[in-house]
2 protein chains.
Amino acid sequence: MGARPTPLNSGEAIGPGRYAQLVQQLKIGLLGCGNVGGALVGQLDARRAAIARRTGVELTIGAIAVRSVSRDRDVDVDASLFTTDPRSVVEDPEIDLVVELIGGIEPARELVLRALELGKPVITGNKELLANHGAELCAAADDAGVDLLFEAAVAGGIPLIRPLRESLVGENVTRVMGIVNGTTNYILTQMAENGAGYADALAEAQSLGYAERDPTADVEGYDAGAKAAIIASIVFGATVVAGDVYHEGIAGITAVDIATAERLGFVIKAVVIIEGQGDVDGDGPPEVSVRTHPAMLPASHPLASVRDSFNAVFVEGESVGDLMFYGRGAGGEPTASAVLGDLIDAAINRVAGTAARIGHLERARICPIDDLDTAYYLAMEVIDRPGVLARVTDEFGRHEVSIRSMEQQGMGDDALLIFITHRSNEAAVQATLHSLRELDVVHGIRTVIRVVGDED
Amino acid sequence: MGARPTPLNSGEAIGPGRYAQLVQQLKIGLLGCGNVGGALVGQLDARRAAIARRTGVELTIGAIAVRSVSRDRDVDVDASLFTTDPRSVVEDPEIDLVVELIGGIEPARELVLRALELGKPVITGNKELLANHGAELCAAADDAGVDLLFEAAVAGGIPLIRPLRESLVGENVTRVMGIVNGTTNYILTQMAENGAGYADALAEAQSLGYAERDPTADVEGYDAGAKAAIIASIVFGATVVAGDVYHEGIAGITAVDIATAERLGFVIKAVVIIEGQGDVDGDGPPEVSVRTHPAMLPASHPLASVRDSFNAVFVEGESVGDLMFYGRGAGGEPTASAVLGDLIDAAINRVAGTAARIGHLERARICPIDDLDTAYYLAMEVIDRPGVLARVTDEFGRHEVSIRSMEQQGMGDDALLIFITHRSNEAAVQATLHSLRELDVVHGIRTVIRVVGDED
């Protein structure tokens with residue numbers, strides 16, 4: 001176990017009031033200076049004095065590690081602060097706090113671990129790193145007795161991690177459902193409101209800079225999955241990694257699906273769903289299920305009205321009931337705002353010689369998707385003749401999948417059957433689909449979308 | 001200045017992980033055991049072990065002060081814990097933390113001050129006390145170096161105060177707009193969705209227990225105003241008291257107003273609006289305006305879909321953009337959940353010998369309502385004959401109130417004129433209304449509602 005850092009100010013506590021006499025100066029080492037890092041420098045400059053008056057800490061940038069010093073940047077700092085050696089920034093004894101915004105696993109992981117080992121609090125927005133090595137980093141922070149804060153890693157500027165970690169630590173959270181990827185929410189909003197097809201909506205998102213040229217991480221759910229793993233770890237106090245997350249992308253969603261959903265009183269959203277049984281009985285690690293996929297939500301659900309690139313996280317707790325946190329999930333300025341909130345917190349703790357620690361997390365037990373119960377929307381083309389419906393519904397019954405509603409639309413020689421099931425075992429639904437595909441009267445399963453937020 | 005409390009554990013820090021070896025036991029003195037207090041006792045019992053595993057603190061109830069010991073309570077605690085002497089609970093050296101849920105100003109104020117003076121962290125849900133004596137209490141907490149936490153005082157179970165205090169302390173918040181009174185939101189929802197009149201909707205709210213038999217505090221905006229004062233103080237770091245808040249109630253809203261608003265694409269909500277210029281330049285205390293009144297919100301605004309007795313607070317920040325916090329604003333269990341989150345935070349801080357302090361707040365400068373700019377919806381009955389519209393619009397022009405849209409409906413000999421203005425000076429709008437009432441062609445001003453959330 002590393003040494004706890006000595007409080008910087010061991011005598012009288014500094015005054016946190018507006019007219020604090022003693023302002024403690026702390027130097028930040030910034031690793032990475034892209035979109036978010038640049039915005040952070042600007043926010044710090046604009047609010048340094050106000051922050052000092054309100055908190056008693058004055059934050060200045062002590063060094064900035066970048067890939068290329070010569071690149072032109074829209075950042076107003078002394079050129080001598082830039083270096084291409086991030087390790088030198090971490091090691092620099094003048095640097096009190098480290099902000100990691102370089103992304104990816106290495107060298108970010110190694111740099112964060114080293115900073116913690118040196119007793120320096122770390123603020124990171126690196127969801128990939130946290131979703132794969134979060135337990136190792138939290139343990140290192142715990143051993144060193146310093147802060148590891150990462151509000152910016154999930155849902156951009158929305159204060160979410162802190163409320164989950166602190167306000168709700170005593171709450172028995174049963175489910176978290178969120179829209180945490182702005183790109184897919186933008187695409188689905190365009191499809192719903194302007195009748196755009198998937199390809200056109202994606203192209204528009206790309207032209208606006210909401211989607212990358214290679215949109216895989218967003219549209220296939222990898223980005224949302226990493227965020228879901230981080231949320232799950234915080235909510236249930238046990239490690240969930242990116243690889244634990246079941247994911248399905250949105251590329252298969254059609255304009256027809258969205259129109260049909262709307263007619264039935266639903267909207268289609270790409271959501272993350274985290275369910276579990278909190279550590280109530282202390283009987284081994286909590287069991288958690290974590291998944292991301294398109295889902296049909298009732299139009300009256302608070303998440304249903306989250307439009308464009310906005311994010312929102314809906315939390316269901318035993319005592320607190322339903323909560324929702326809504327805001328900008330991405331963008332340099334909102335994300336830097338989250339980093340700045342963490343920075344101030346870490347700085348105040350650093351001065352007081354304390355830290356808000358998560359501790360050593362054990363691995364959560366991951367509940368496989370096959371064991372979950374979910375309601376389904378299923379659309380299939382069948383031959384339009386007597387007896388077909390009986391053969392189809394018989395397959396549902398055989399697998400103990402209970403039908404909640406059905407409608408039939410003529411399509412010439414074929415008919416379109418649309419079913420919404422009651423909550424049913426996932427494996428049973430998949431087995432039903434498999435059997436249905438084998439039936440000669442079924443010409444094709446057109447759409448399979450889970451229905452959530454409408455518990456029956 | 002009082003002595004800072006000695007850390008309870010001055011050696012190695014306790015482990016906050018699941019398998020912490022050293023669990024610190026802390027005793028709570030509970031003042032008041034009604035709806036919220038009873039729910040808190042139940043939540044503590046259900047989650048004591050889980051909280052201890054996750055945080056390293058074990059919380060037990062050490063004493064409960066109530067008005068009558070003999071009253072039958074649905075609370076499962078040892079009868080010997082009850083007393084009718086709250087001061088003895090505060091003074092008891094066995095009591096580490098005090099939870100104040102008795103409400104009202106005295107003796108709550110005196111008890112909270114004494115607890116702080118004794119170095120005991122205080123958790124309170126008492127909005128009346130905070131909205132009138134918050135600065136005195138915060139200063140006392142600061143002097144003693146202990147926590148004064150009050151998440152439960154505003155918006156029930158919604159984590160709001162902590163995100164505002166901590167996550168957004170570095171943000172330049174420009175406006176907060178909230179639905180913080182569940183009773184009025186329930187009444188307005190019933191009127192909008194079921195076409196109920198105000199009196200019927202109020203009676204229904206009363207029969208469901210959402211409204212008191214004397215509903216004045218809710219429907220006249222006193223409850224919302226107290227919460228707005230607390231939010232404003234936290235957001236702008238300067239004292240705003242209940243008396244600073246401009247308020248108008250909802251009793252004048254009619255079913256016709258709501259139907260007209262809907263036709264024009266608006267909903268009518270009772271909101272609090274807090275605007276100001278943060279302490280950016282350090283040039284004296286911040287100037288803040290705080291008000292609560294019915295308002296027309298665009299149907300697409302996130303607050304517009306907050307239904308029934310739910311609360312939500314919408315925050316606009318320079319960097320973070322738009323945020324919203326949504327959930328249950330009242331009720332024993334949600335409010336107790338907020339108290340429990342604060343209790344755990346205070347307990348962890350108590351063990352570490354630290355506190356999250358607000359400091360000595362100076363008085364905010366209060367911007368009078370007359371100086372604000374607001375858009376208005378105005379409906380008036382006029383004589384239906386040529387030249388009347390010119391005389392009416394001339395009054396707007398004379399007072400420099402710019403009209404954004406107008407419509408006219410025939411009503412027999414009279415016509416109904418409906419105006420929506422651009423953002424205009426409040427005093428100028430009031431002067432316009434005064435002049436219009438003097439015109440012989442104007443038979444009556446039927447409705448005056450501010451329009452917000454739709455900046456032009």
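Descriptive notes on the structure:
- Computed from point charges on the beta carbon alone (+1 for Lys and Arg, -1 for Asp and Glu), the dipole magnitude for region A:167-328 about its Cα centre is near 400 Debye.
- In the protein assembly as shown, the convex hull through the Cα atoms has an average projected area of 41.3 nm², a quarter of its surface area.
- Only helical runs count toward this figure. For chain A, summing -39,500 (n - 2.57) over DSSP H runs of n ≥ 4 and dividing by all residues gives -10500 deg cm²/dmol at 222 nm.
- Residue among B:Ile161, B:Gly103, B:Gly125 farthest towards the positive dipole end of region B:92-162, charges placed on Cβ: B:Ile161
- Fraction of beta bridges assigned by DSSP in the protein assembly as shown that are antiparallel (%, nearest 5): 70 percent
- Residues in region B:134-142 carry Karplus couplings, in order, of x, 4, 4, 5, 4, 5, 5, 5, 5 Hz; the curve used is 6.51 cos²θ - 1.76 cosθ + 1.60 with θ = phi - 60°, and Gly or Pro positions show x.
- For region B:214-288, trypsin sites (Lys or Arg not before Pro) are listed when DSSP marks them as loop and at most 15 other Cβ atoms sit within 10 Å of their Cβ; the list is empty.
- Förster-model FRET efficiency, 30 Å R0, B:Asp373 and A:Arg263, C-beta, rounded to 0.05: 0.10
- Chain lengthening between B:His422 and B:Thr254 when straightened (0.36 nm per residue, less Cα-Cα): 58.1 nm
- Averaging Cα coordinates gives a centre for region A:250-267 and one for region B:275-343; these two points are 33 Å apart.
- Shape parameters for region B:168-327, alpha-carbon atoms, Rg then Dmax in Å: 16.1, 51
- In a reduced charge model with +1 at each Lys and Arg Cβ and -1 at each Asp and Glu Cβ, the protein assembly as shown shows a dipole moment near 1100 debye about its Cα centre.
- In this label model, B:Ser300 and A:Thr84 are separated by 4.8 nm, measuring between points 7 Å along each Cα→Cβ vector.
- Calculated P(r) of region A:369-451 - Cα pairs past 20 Å, %: 24 percent
- In order through region A:315-326: 3J(HN,Hα) via Karplus (6.51 cos²θ - 1.76 cosθ + 1.60), integer Hz, x for Gly, Pro: 10, 10, x, 4, 9, 7, x, 8, 10, 9, 10, 10
- Peptide-level mean, for A:168-180, of C-beta atoms on other protein chains within 10 Å: 4
- For region B:359-456, applying the loop criterion from DSSP together with a ceiling of 13 other beta carbons within 10 Å to the GluC sites (Glu not before Pro) yields B:Glu400, B:Glu455.
- Long-range HN-HN contacts of B:Gly29 with modeled amide H, under 5 Å: B:Gly62, B:Asp96, B:Leu97, B:Val98, B:Val99
- Positive dipole terminus of chain B, leading residue within B:Ala229, B:Val241, B:Ser68 (C-beta point charges): B:Ser68
- Where a label projected 7 Å from the Cα of B:Arg404 along Cα→Cβ would reach, residues of region B:426-442 with amide N under 20 Å: B:426-433
- Sparsely packed loop sites in region B:92-130 (the GluC sites (Glu not before Pro) outside DSSP H, G, I, E and B with at most 12 other Cβ atoms within 10 Å) comprise B:Glu94.
- Coupling constants for region A:230-235 follow from the phi torsions by the Karplus curve (6.51 cos²θ - 1.76 cosθ + 1.60, θ = phi - 60°), and in residue order they are 5, 4, 4, 4, 6, 5 Hz; glycine and proline get x.
- DSSP-defined beta bridges in chain B - what % are antiparallel, rounded to 5: 70 percent
- Take the Cβ atoms of A:Thr393 and B:Glu106, set R0 to 51 Å, and the FRET efficiency comes out at 0.15.
- Mean-position separation - Cα centroids, region B:62-98 and region B:414-455, in angstrom: 55 Å
- Placed amide H near A:Arg404: partners under 5 Å, 5+ positions off or other chain: A:Ile420, A:Thr421, A:His422
- Simple Cβ-charge dipole of region B:359-456, Lys/Arg +1 and Asp/Glu -1, about Cα centre, in debye nearest 20: 140 debye
- Placed amide H near A:Arg450: partners under 5 Å, 5+ positions off or other chain: A:Met296, A:Tyr377
- Shielding by other protein chains, B:182-195, mean Cβ within 10 Å: 0
- Cα-Cα P(r), chain B, percent of pairs per 20 Å interval: 24, 50, 22, 5, 0
A short reminder: the numbers here are calculations on the coordinates, not readings from a lab. Quick caveat: nothing in here was measured; it's all calculated off a predicted structure. Positions of Cβ are backbone-derived with ideal geometry, glycine not excepted, and every protein chain shown enters the neighbour counts.
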